[in-house]
Amino acid sequence: MKHIYFMRHGETELNKRMRLQGRYDEPLNEKGIRQAIEAGGKIRAMGIHFDRIYCSPLQRAVKTAMLVTGLKEDDFIYDDRILELDYGKYERWEFGDLPQEVWDFFRNPMDVPEPEGMESLQQLSERTGSFLKDLAEQADEKDENWLVVCHGICMRGILGNLVPGGERDAWNSSIENCVLYETCLENGKYTKGVRVEMTEAQK
């Protein structure tokens, strides 16, 4: 059985300033670095070791993966299918300046079409679903832990693909910086993604 863990990157200045980030390659800020280091310590305290790490190529995800695992960037498998949602012209806009059509989409993306130039929910679902399908095809019968480090909206796309009809629950999931979710993969089937409550590392 494969235990596959999904983690959002640590905080960036654009996160802190309440701006959309999308594909813009923003680095972690000091708080984000601390978050990733603390998450890595908690994961080790829980006795979890990762046998394989997949990562978004954006630097905030790469740095998070390095700090969580203690590995180098050359040790990761990069995949563009786990990039963040492409917000088009709205990248780096402050939340308070976003037009109503963007807020309408974020509140109910299953029923409201995406604003012009923004990646659609269907496109997000298709690429994250393709990524999960490839993981299932690569899996053998060995018991292993795999880690996927990506982004908040991307994680919602992943969680929505794990079980049939999971899209609405996934969109309402809480995806904070360095949050960790887990699914089990066995015989080509995934279980529903469950948030992992990470215990405090020993001092």
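Within region 146-203, which residues are charged (D, E, K, R), surrounded by 14 or more Cβ atoms within 10 Å (Cβ to Cβ) and closer than 28 Å to K72 by Cβ?
E182, the sole residue that qualifies.
Regarding region 49-59, can at least one residue be identified that is in a helix (DSSP H, G or I) and in contact (Cβ under 8 Å) with a residue 60 or more places away in the chain?
No, region 49-59 contains no residue that is in a helix (DSSP H, G or I) and in contact (Cβ under 8 Å) with a residue 60 or more places away in the chain.
So, E91, is that one among the acidic types (D, E), in contact with a Lys or Arg (Cβ under 9 Å, 6 or more places away or on another chain) and crowded, with 17+ Cβ neighbours inside 10 Å or not?
yes
I need a count of the residues in region 1-19 that are crowded, with 23+ Cβ neighbours inside 10 Å and over 15 Å from the mean Cα position of the chain (by Cα).
Within region 1-19, residues that are crowded, with 23+ Cβ neighbours inside 10 Å and over 15 Å from the mean Cα position of the chain (by Cα) number 0.
Can you find a residue in region 11-33 that is assigned to a helix (DSSP H, G or I), within 30 Å of W93 (Cα to Cα), of a type in the set (S, T, N, Q) and modelled with pLDDT of 95 or more?
yes
Among the residues of region 152-174, which ones are at pLDDT 95 or above, within 19 Å of D86 (Cα to Cα) and either among the aliphatic types (A, V, I, L, M) or in contact with a helix residue (DSSP H, G or I) (Cβ under 7 Å, 6 or more places away or on another chain) (or both)?
Correct list: I153, C154, M155, R156, G157, I158, L159, G160, N161.
What number goes with the only condition from (1) free of Cβ contacts under 8 Å to residues at least 60 places away in the same chain; (2) surrounded by fewer than 19 Cβ atoms within 10 Å (Cβ to Cβ) that Y24 does not pass?
Answer for Y24: the failing condition is (1).
For region 146-203, give me each residue that is over 21 Å from E126 (Cα atoms) and either of a type in the set (D, E) or over 16 Å from the mean Cα position of the chain (by Cα) (or both).
Once the filter is applied, which keeps residues that are over 21 Å from E126 (Cα atoms) and either of a type in the set (D, E) or over 16 Å from the mean Cα position of the chain (by Cα) (or both), region 146-203 yields E176, E186, N187, E197, M198, T199, E200, A201, Q202, K203.
Which ones in region 94-126 are among the hydrophobic types (A, V, I, L, M, F, W, C), under 23 Å from G160 (Cα atoms) and surrounded by 12 or more Cβ atoms within 10 Å (Cβ to Cβ)?
Matches in region 94-126: V102, W103, F105, F106, V112, M118, L121, L124.
Name every residue in region 190-203 that is at pLDDT 95 or above and either of a type in the set (K, R) or in a strand (DSSP E or B) (or both), in order of residue number.
Scanning region 190-203 gives Y190, K192, V194, R195.
In region 180-189, how many are under 14 Å from I158 (Cα atoms) and either of a type in the set (F, W, Y) or part of a loop (DSSP other than H, G, I, E, B) (or both)?
Matching residues across region 180-189 total 1.
Of the numbered conditions (1) modelled with pLDDT under 95; (2) in contact with a helix residue (DSSP H, G or I) (Cβ under 8 Å, 6 or more places away or on another chain); (3) within 24 Å of L132 (Cα to Cα), M66 satisfies every one except a single condition; which is it?
Against the list (1) modelled with pLDDT under 95; (2) in contact with a helix residue (DSSP H, G or I) (Cβ under 8 Å, 6 or more places away or on another chain); (3) within 24 Å of L132 (Cα to Cα), M66 comes up short only on (1).
So, of the residues in region 163-201 that are in contact (Cβ under 8 Å) with a residue 24 or more places away in the chain and among the aliphatic types (A, V, I, L, M), which turns out to be nearest to G32 (Cα to Cα)?
Among residues in region 163-201 that are in contact (Cβ under 8 Å) with a residue 24 or more places away in the chain and among the aliphatic types (A, V, I, L, M), the one nearest to G32 (Cα to Cα) is V179.
The values are calculated or read from the model by the stated rules, or taken from the named source; none is laboratory data. Small disclaimer: the values here were computed from a predicted structure and weren't measured. Here the Cβ is made from the backbone with ideal geometry for all residues, glycine too, and neighbour counts use every protein chain on show.
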